[in-house]
Amino acid sequence: MVKELSFYSMNENVLDVPFYQSNVPAGFPSPAEDFMDLDLNLQEYLVKHPSATFCIRVTGESMRNAGIFSGDVMVIDRALEPKNNSIVLAVLNGEFTVKRICKKGSELYLKPENKHFQSIQINEEMDFQVWGVVTHVIHKV
């Protein structure tokens with residue numbers, strides 16, 4: 001379970017960052033271009049439904065094999081319908097958690113991406129709600 005969360009709202013203060021349109025190989029070096037093609041509006045790139053999107057900082061290690069680490073900021077879109085294998089922010093019995101949602105037949109599971117954590121089978125006795133779908137993860141390298 002995620003124990004500490006910090007919520008961030010999306011607002012009108014948009015940062016345009018210079019964006020090189022050329023691809024950069026992760027293998028052998030290629031000649032650098034000496035001009036930038038355009039500006040990248042990070043909010044337009046990361047947010048499809050501004051009124052239904054927020055950011056949240058995560059703590060915990062249960063999703064590290066999905067590339068989500070403690071301290072990362074996740075972009076959550078509440079307008080998206082969760083699909084099988086989507087990573088979601090859920091509320092389970094009054095506590096937030098980030099897990100992959102998996103449906104197997106008529107059974108529903110919240111699956112961690114770390115072998116040291118167990119999947120949680122959702123049943124009718126649990127207070128369960130999906131708050132939104134994780135669309136992007138922002139972390140320092």
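The values are calculated or read from the model by the stated rules, or taken from the named source; none is laboratory data. As the structure is a computational prediction, the values presented were derived from the model and not from experiment. A quick note on method: Cβ atoms are made from the backbone with ideal geometry, for glycine too, and the neighbour counts reach across all protein chains shown.
Per-structure values
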read-out	value
Given (1) at pLDDT below 95; (2) closer than 27 Å to residue 44 by Cα, number of the condition residue 68 does not satisfy	(1)
Condition met for residue 93 (among the polar types (S, T, N, Q), loosely packed, with under 13 Cβ neighbours inside 10 Å and touching a Phe, Trp or Tyr at 6+ places or on another chain (Cβ under 9 Å))	yes
Number of positions in segment 94-131 that are assigned to a strand (DSSP E or B) and in contact with a Gly (Cβ under 9 Å, 6 or more places away or on another chain)	2
Yes/no for residue 29 being at pLDDT below 90 and loosely packed, with under 13 Cβ neighbours inside 10 Å	yes
Per-region count, segment 70-84, residues of a type in the set (Gly, Ala, Ser) and either in contact (Cβ under 8 Å) with a residue 40 or more places away in the chain or loosely packed, with under 15 Cβ neighbours inside 10 Å (or both)	2
Residue selected from segment 40-86 under the condition small (Gly, Ala, Ser) and assigned to a loop (DSSP other than H, G, I, E, B), by the criterion farthest from residue 118 (Cα to Cα)	79
Single match in 96, 117, 128 (criterion: modelled with pLDDT under 95 and more than 12 Å from the chain's Cα centre (by Cα))	96
Number of the condition not met by residue 60 [criteria: (1) modelled with pLDDT of 95 or more; (2) more than 11 Å from the chain's Cα centre (by Cα)]	(1)
